[in-house]
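The values are calculated or read from the model by the stated rules, or taken from the named source; none is laboratory data. None of these values were measured; they are calculated from a predicted model. Cβ sites come from the backbone with ideal geometry, for glycine too, and all protein chains shown count toward neighbours.
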Amino acid sequence: MRHLLSTADLSYAQANKILDTAKEMARISEGPVKKLPTLRGRTIVNLFFEDSTRTRISFEAAAKRLSADVINFSAKGSSASKGESLKDTAQTLQAMGADAVILRHSASGAAQRLASSHWTTGSVINAGDGTHEHPTQALLDAFTIRKHLRGGTGDLRGLTVAIVGDILHSRVARSNIHLLNLLGAQVILVAPPTLIPLGAEKWPVQISYDLDAVLPLVDAVMMLRVQQERMNDFFFPTAREYSHYYGLNSDRLKLMKPNSLIMHPGPMNRGLEITAESADSARSVILEQVTNGVSVRMAVLYLLLAGAPNEGGDLI
Amino acid sequence: MTDYLIDGGVLAHGKNVQVLISDGRIVEIDRIVSSPNAVNAVRVDARNCLILPGFVDLHTHLREPGREDSETVESGSRAAAKGGFTAVSAMANTFPVADTAGVVEQVYALGQAAGLCDVFPIGAVTQGLAGQALAELGAMADSKARVRIFSDDGNCVFDPIVMRRALEYVKKFNGVIAQHAQDPQLTKDAQMNEGFLSSRLGMKGWPSVAEESIIARDVLLADHVKSRLHVCHVTTSGGVDIIRWAKARGIQVSAEVTPHHLLLTEDLATSYDPMYKVNPPLRTQKDVMALREGLADGTIDVVATDHAPHSAESKECEWQAAAFGMLGLETAFSIVQATMIDTKMMTWSDLADRMSTAPALIGGYSDHGQSLRVGSRAHIAIVNPTRGWQVDRDLVASRSKNTPYHGMEFSGSVVATFFRGVPTVLDSKLVRSNNGN
């Protein structure tokens with residue numbers, strides 16, 4: 001495997017290999033010397049067509065801990081506006097000798113487009129493409145669940161995970177649905193019907209409109225961010241009504257199983273999809289997700305650049 | 001003028017004939033022509049070929065004036081000739097928009113100057129395609145271009161009162177409103193057919209209902225004011241059903257389907273390659289089958305290409321940023337043969353009707369779509385259903401290369417095209433000299 005574009009492209013063995021490697025990376029990160037020489041002399045470009053400080057610095061930290069040279073390239077706008085086109089930007093970076101491009105883009109499929117073009121020969125890592133996928137987020141989510149509920153090894157068989165909120169526009173949800181299924185977990189999507197994608201009934205998930213009914217069943221709940229712009233597009237009547245039915249508040253906290261986890265990919269809208277009590281409760285692993293993000297991204301960079309997984313997922 | 005003898009071909013209904021062409025007309029058509037002029041005529045070998053009336057396209061984007069970098073009337077005419085077309089209808093969404101007599105006359109004149117096929121301009125329904133105020137439909141109808149088809153194609157005439165008035169107004173000169181049926185509210189930022197696949201790919205959906213609700217409204221309006229409606233590029237099985245229902249009620253509605261909607265499905269979007277990005281979008285296999293059935297049973301009257309040339313840079317980008325549209329003129333026949341004849345859903349006579357007779361009738365192009373007999377204008381397409389070819393985007397006659405068929409093989413091809421009795425294409429190649437140029 002040369003690129004990481006979608007969790008749907010991962011085999012069971014590959015996914016587990018990434019999680020196992022991330023565990024090693026985490027161990028190193030906790031040690032006195034946080035740096036590995038593995039990617040010394042390699043150039044990794046953070047190519048961000050969309051603002052995302054969190055994801056960018058997470059990848060940057062991961063690359064630097066592996067001793068890679070990191071270039072940050074923020075390209076505002078896209079070829080649709082007056083900005084430089086994806087093609088020209090990619091070719092420019094190629095000319096500068098990029099070994100890997102970490103791409104964040106507002107257009108779904110941008111990473112796949114880049115990977116299948118001749119615009120770059122390096123590895124392409126999808127750091128979020130439109131409303132399509134965000135594979136490293138799903139990997140760090142799986143890593144976090146596995147650590148807390150499976151002792152840090154094996155898959156997620158027997159666990160039930162609810163993904164709550166704006167499924168329709170969520171790349172995090174799409175990547176998680178593929179990966180959680182691959183690892184054997186049950187997925188329940190919870191949202192008002194307007195935010196469930198058309199055809200989702202054919203996805204390998206259960207769908208519910210009732211958060212209160214679902215919460216007692218789950219081992220982890222992932223709360224998705226509700227974008228401000230959805231308010232004006234008739235997806236739900238008001239922010240208050242949304243919070244009333246789908247917000248994770250202290251009353252709903254009580255419905256959850258004792259050891260269940262509260263997760264959020266960030267940034268949170270406190271008071272909208274999640275209240276402060278929930279976000280800061282003992283069950284919340286939201287900050288740990290951030291920490292794990294670095295380990296998982298180190299694993300991905302290491303596996304893609306230091307060695308390549310062969311057919312059948314035998315990662316080196 | 002040189003005389004031509006088409007030798008060895010068969011007509012759509014199967015009769016083996018020789019066709020003698022003189023002075024732009026068919027002067028004799030028989031198993032063996034008897035005229036002594038045949039001896040000196042240039043012989044065109046049509047063995048294993050069908051001799052069909054020249055194809056007529058009701059939906060062609062020629063981009064001139066304004067986007068001559070992607071196509072001109074001349075280059076589009078060459079693509080048309082290669083595709084067996086003798087008449088095309090130039091869509092109004094140029095820069096400036098073809099919403100005045102001046103612009104349509106310019107486009108018409110450019111077509112005559114190119115001399116490879118008739119270019120009949122389509123006039124805009126509303127000024128600037130903005131959907132607000134009617135363009136000067138009467139002036140365009142009375143102009144030298146004699147416009148009869150009006151369309152805001154690319155945009156839907158969404159305001160029902162504007163649509164109603166347009167339908168009424170064109171009755172004065174037996175015009176027709178060709179509607180691009182797309183509810184703009186339901187398709188804001190839409191990228192591809194809405195369904196399971198768009199949800200998986202994370203692309204904004206273009207739901208079937210956005211097309212069908214406009215078709216339903218417009219057939220009812222056409223019925224109400226007793227005028228003619230033409231539905232551009234139908235793509236959904238539901239749309240076919242509504243048109244079938246309207247025709248059964250006696251409503252004056254005609255409809256077209258594009259070759260790409262007869263052949264391709266939304267699954268191609270999985271590649272995120274914008275070569276497959278088109279408006280209206282590629283739909284499902286179920287829709288494709290319904291469109292083929294609709295074309296076969298006559299619910300859909302014509303095949304129209306929606307030939308939409310685009311510069312390289314407007315496709316060499318991420319899907320969302322790319323332009324909608326694909327080339328169509330040079331591949332139309334081969335695709336209709338593959339999807340309708342080779343599947344035994346239509347006869348060759350049906351194909352001649354859907355690609356020539358019916359569109360000429362809808363557009364009022366009386367010089368075209370004539371049955372091949374003595375005295376008819378010699379607008380002729382000669383096709384070989386067993387001469388296969390492979391599409392090569394570097395060999396297209398169009399100025400643009402945005403064909404989704406690059407590398408695809410088809411079993412039948414256009415061998416020769418006659419426009420006003422003069423070959424524009426022979427042996428599948430453009431004839432250089434025409435009209436003395």
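One residue stands out in region A:196-228 among those that are away from chain B (no Cβ under 12 Å) and assigned to a helix (DSSP H, G or I): the one that is nearest to B:Gln185 (Cα to Cα), namely A:Gln228. Please indicate, with yes or no, whether at least one residue in region B:337-350 is under 26 Å from B:Asn174 (Cα atoms), outside the structural domain of B:Val44 (by TED's automatic domain parsing), surrounded by 17 or more Cβ atoms within 10 Å (Cβ to Cβ) and modelled with pLDDT of 95 or more. Looking for residues that are under 26 Å from B:Asn174 (Cα atoms), outside the structural domain of B:Val44 (by TED's automatic domain parsing), surrounded by 17 or more Cβ atoms within 10 Å (Cβ to Cβ) and modelled with pLDDT of 95 or more, one finds at least one in region B:337-350, hence yes. Residue check: is A:Ala22 out of contact with any His (no Cβ under 9 Å at 6 or more places or on another chain) and either closer than 29 Å to B:Ala190 by Cα or not in a helix (DSSP H, G or I) (or both)? Criteria not met by A:Ala22.
Do we have any residue at all in region A:95-106 that's more than 21 Å from A:Met298 (Cβ to Cβ), within 14 Å of another protein chain (Cβ to nearest Cβ) and assigned to a loop (DSSP other than H, G, I, E, B)? Scanning region A:95-106, I find at least one residue that is more than 21 Å from A:Met298 (Cβ to Cβ), within 14 Å of another protein chain (Cβ to nearest Cβ) and assigned to a loop (DSSP other than H, G, I, E, B), so the answer is yes.
I want to confirm something. Restricting to region A:1-54 and keeping residues that are among the hydroxyl-bearing types (Ser, Thr, Tyr) and over 21 Å from A:Asn72 (Cα atoms), which single residue is surrounded by the most Cβ atoms within 10 Å (Cβ to Cβ)? Looking at residues that are among the hydroxyl-bearing types (Ser, Thr, Tyr) and over 21 Å from A:Asn72 (Cα atoms), I get A:Thr7.
Of all residues in region B:201-227, those being closer than 22 Å to B:Glu266 by Cα, among the basic types (Lys, Arg) and in contact with a Pro (Cβ under 8 Å, 6 or more places away or on another chain) number 0. Within 14 Å of chain B (Cβ to nearest Cβ) and either part of a loop (DSSP other than H, G, I, E, B) or at pLDDT 95 or above (or both): does that describe A:Ala162? The answer is no for A:Ala162.
In region A:25-61, the residue that is nearest to A:Leu139 (Cα to Cα) out of those that are in contact with a strand residue (DSSP E or B) (Cβ under 8 Å, 6 or more places away or on another chain) and among the small types (Gly, Ala, Ser) is A:Ser52.
In summary, A:Thr121 fulfils each of the numbered conditions (1) polar (S, T, N, Q); (2) assigned to a helix (DSSP H, G or I); (3) surrounded by fewer than 24 Cβ atoms within 10 Å (Cβ to Cβ) with the single exception of condition (2). Annotation: A:Thr92 fulfils all but one of (1) within 14 Å of chain B (Cβ to nearest Cβ); (2) free of Cβ contacts under 8 Å to residues at least 24 places away in the same chain; the unmet one is (1).
If you go through region B:96-114 and keep only what is within 16 Å of B:Asp152 (Cα to Cα) and buried (at least 19 other Cβ atoms within 10 Å of the Cβ), you end up with B:Val97, B:Ala98, B:Asp99, B:Ala101, B:Val103, B:Val104.
Looking across region B:16-35, the residues that are of a type in the set (Val, Ile, Thr) and in a loop (DSSP other than H, G, I, E, B) come down to B:Ile32, B:Val33.
Considering region B:376-391, the residues that are part of a loop (DSSP other than H, G, I, E, B) and within 21 Å of the chain's Cα centre (by Cα) include one that is farthest from B:Gly83 (Cα to Cα), namely B:Ala378.
Restricting attention to region B:395-429, the residues being surrounded by fewer than 17 Cβ atoms within 10 Å (Cβ to Cβ), in contact with a Lys or Arg (Cβ under 9 Å, 6 or more places away or on another chain) and not small (Gly, Ala, Ser) number 2. With respect to B:Ala190, is the statement that it is of a type in the set (Gly, Ala, Ser) and over 12 Å from B:Asp218 (Cα atoms) true? Spelling it out, B:Ala190 is indeed of a type in the set (Gly, Ala, Ser) and over 12 Å from B:Asp218 (Cα atoms). Is at least one residue of region A:176-185 touching a residue at least 60 places away in the same chain (Cβ under 8 Å), of a type in the set (S, T, N, Q), in a helix (DSSP H, G or I) and within 12 Å of another protein chain (Cβ to nearest Cβ)? Taking every residue of region A:176-185 in turn, none turns out to be touching a residue at least 60 places away in the same chain (Cβ under 8 Å), of a type in the set (S, T, N, Q), in a helix (DSSP H, G or I) and within 12 Å of another protein chain (Cβ to nearest Cβ). Taking the criterion of being within 22 Å of the chain's Cα centre (by Cα) and over 23 Å from B:Leu58 (Cβ atoms), the residues of region B:245-273 that qualify are B:Thr265, B:Glu266. When A:Leu114, A:Leu39 are checked against the criterion of being within 14 Å of chain B (Cβ to nearest Cβ) and either in contact with a Ser or Thr (Cβ under 9 Å, 6 or more places away or on another chain) or part of a loop (DSSP other than H, G, I, E, B) (or both), A:Leu114 stands alone in meeting it. Does any residue of region B:127-148 turn out to be β-branched (Val, Ile, Thr), over 27 Å from B:Leu430 (Cβ atoms) and in contact with a strand residue (DSSP E or B) (Cβ under 6 Å, 6 or more places away or on another chain)? The answer is yes, given that some residue of region B:127-148 is β-branched (Val, Ile, Thr), over 27 Å from B:Leu430 (Cβ atoms) and in contact with a strand residue (DSSP E or B) (Cβ under 6 Å, 6 or more places away or on another chain).
In region B:71-92, the residues that are touching a residue at least 40 places away in the same chain (Cβ under 8 Å) and in the same structural domain as B:Gly24 (by TED's automatic domain parsing) never reach a residue that is hydroxyl-bearing (Ser, Thr, Tyr) and part of a helix (DSSP H, G or I) with C-beta atoms less than 9 angstrom apart, at least six apart or across chains. Test B:Arg148 against the stated conditions and say whether it is of a type outside the set (Val, Ile, Thr), buried (at least 19 other Cβ atoms within 10 Å of the Cβ) and farther than 26 Å from B:Ala323 by Cβ. It is true that B:Arg148 is of a type outside the set (Val, Ile, Thr), buried (at least 19 other Cβ atoms within 10 Å of the Cβ) and farther than 26 Å from B:Ala323 by Cβ. If the condition is being within 14 Å of another protein chain (Cβ to nearest Cβ) and in a loop (DSSP other than H, G, I, E, B), then region B:188-232 contributes B:Lys188, B:Asp189, B:Ala190, B:Gln191, B:Glu194, B:Gly195, B:Gly202, B:Met203, B:Lys204, B:Pro207.
Given the structure, is B:Asp392 surrounded by 19 or more Cβ atoms within 10 Å (Cβ to Cβ) and without any contact (Cβ under 8 Å) to a residue 40 or more places away in the chain? No. For region B:246-275, taking the residues that are more than 14 Å from chain A (Cβ to nearest Cβ) and hydroxyl-bearing (Ser, Thr, Tyr), the one that is farthest from B:Thr357 (Cα to Cα) is identified as B:Thr265.
Let's see how each residue does on (1) among the acidic types (Asp, Glu); (2) assigned to a loop (DSSP other than H, G, I, E, B); (3) on the phi > 0 side of the Ramachandran plot; (4) crowded, with 19+ Cβ neighbours inside 10 Å:
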| position | (1), (2), (3), (4) |
| --- | --- |
| B:Gly14 | no, yes, yes, no |
| B:Asn37 | no, no, no, no |
| B:His59 | no, no, no, yes |
| B:Glu64 | yes, yes, no, yes |
| B:Ser70 | no, yes, no, yes |
| B:Ala92 | no, yes, no, yes |
| B:Leu116 | no, yes, no, yes |
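Tallying residues that are surrounded by 21 or more Cβ atoms within 10 Å (Cβ to Cβ) and in contact (Cβ under 8 Å) with a residue 40 or more places away in the chain within region B:229-253 yields 11. Candidates are the residues of region B:276-287 that are buried (at least 22 other Cβ atoms within 10 Å of the Cβ) and more than 11 Å from every other protein chain (Cβ to nearest Cβ); the one that is nearest to B:Cys156 (Cα to Cα) is B:Pro280.
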